[in-house]
Amino acid sequence: MTRKPDTTVPDLIADPFEERSRVIAREHFQLLGGRFQFESNSPQLLRLVDSAYLGLPRHRLSSVVPRLRVRLLLSAREQPRTRGRSEPPPLSMLSGPGSLGGATDSSNFVLLSPSERTALVVLSRQMLRFPYHARYEYIEFAVFTLASRCQELVSLHAACVGRGGRGILLMGPSGSGKSTVTLHCLLRGFDMLSEDSVFVAPDTMLATGVANFLHVRSDSLRWLGKTQDATAIRESPVIRRRSGVRKFEVDLRRGAYRLAASPLKIAAVVFLSPQSAGGRSLLKSLSKSDLLAKLTAEQAYAANQPKWTAFCKSVLRLDAFELRRGNHPFEAVETLRALLARD
């Protein structure tokens, strides 16, 4: 019997970049003013997306909501290491919305195309052992960068809390007490916008953020005593920053915390100082020149963004202060409450 020739085209030739690979699920979230579609070949990666964004308020910055797309790929199983290997691991072809690429199976990377409003996130199976880093350094990086670049937002390293639709930007170096002040604002009924990444539309000064978690050092809990709030925080998971600092990761979607239901209009900028007020007023007004100098020094990344000049023009119309430390974080909270109550 004559065997018919095999006319099947190998997958590597027919679909080298796996552009027709099966996507098992898609999820949609409205975040940071954009409508995000997440698609993945991995339920584990989609669970990381849910842990970051499920249950958050739907923020909208304009009448037109941009559609953004993030593809999450879990790479193939790593090959076992063999001694005396004579060649490196082979290249695996990859594809995402508007992009083609290749990497080894052990690679972890993010590829962004702001003009196409798309991102490709590829993680190895080994990376699943580090869910915090996978979520924070890869998925959130892709989401934050797409949202800011596609909507021309200014990305700030700052916290933001507010009341009645008005917000205060809280800035300061590591150790200045941003997380402590933010925590006490939350416990006293403030709306939470973000703990460390705030995105501002420079023309309107509307700010958005992701109020999913608050990261609190154990020494910040000394002000709470033996309260239910302190107990709940101590029962939260502990994450380890790259710096080695360990913090409780408090999920703000659980409990009675208030999350900002819509973007906040920035009313003031406050720089937290480690210095004691020494019995004087906690707030010290800043001149326009001091404000610009502090902003430029503390926001090196934002200062190089295209909309920085427009942002500075708008922020100079706002009040700016240095907030020095009192005897208890409660004093800072009441100072901020009074600041928001100003006309």
- Message: Show me, for region 58-70, the HN-Hα J-couplings you get by feeding each phi into the Karplus relation (A = 6.51, B = -1.76, C = 1.60, θ = phi - 60°), rounded to Hz, glycine and proline as x.
- Response: 8, 8, 9, 9, 8, 5, 9, 9, x, 9, 10, 10, 10
- Task: Please tell me which of these pairs span more than 24 angstrom C-alpha to C-alpha: K178/K294; K178/K284; K247/K284?
- Result: K247/K284
- Message: Among 203-209, 305-311, 181-187, how do they line up by average Cβ neighbours within 10 Å per residue, starting with the highest?
- Response: 181-187, 203-209, 305-311
- In region 232-343, what percent of the accessible surface is made up of carbon and sulfur (1.4 Å probe, ligands and nucleic acids excluded)? 50
- Query: Based only on the alpha carbon positions, what is the Kirkwood hydrodynamic radius of region 261-343, in angstrom?
  - Reply: 14.1
- Message: Please compute one quarter of the surface area of the Cα convex hull for region 184-280 and express it in square nanometres.
- Response: 8.3
- Beyond 15 Å, what percent of the Cα pairs of region 114-190 remain? 69
- Task: Can you pull a Stokes-Einstein diffusion coefficient for region 98-251 at 37 °C (0.692 mPa s), Rh from Kirkwood over Cα pairs, as a whole number of µm²/s?
- Result: 189
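The values are calculated or read from the model by the stated rules, or taken from the named source; none is laboratory data. The structure displayed is predicted, hence computed values, not measured ones. Cβ atoms come from the backbone with ideal geometry, glycine included; neighbour counts cover every protein chain shown. Surface accessibility is based on the protein's heavy atoms, side chains included, excluding ligands, DNA and RNA. Shrake-Rupley method; radii C 1.70, N 1.55, O 1.52, S 1.80 Å.
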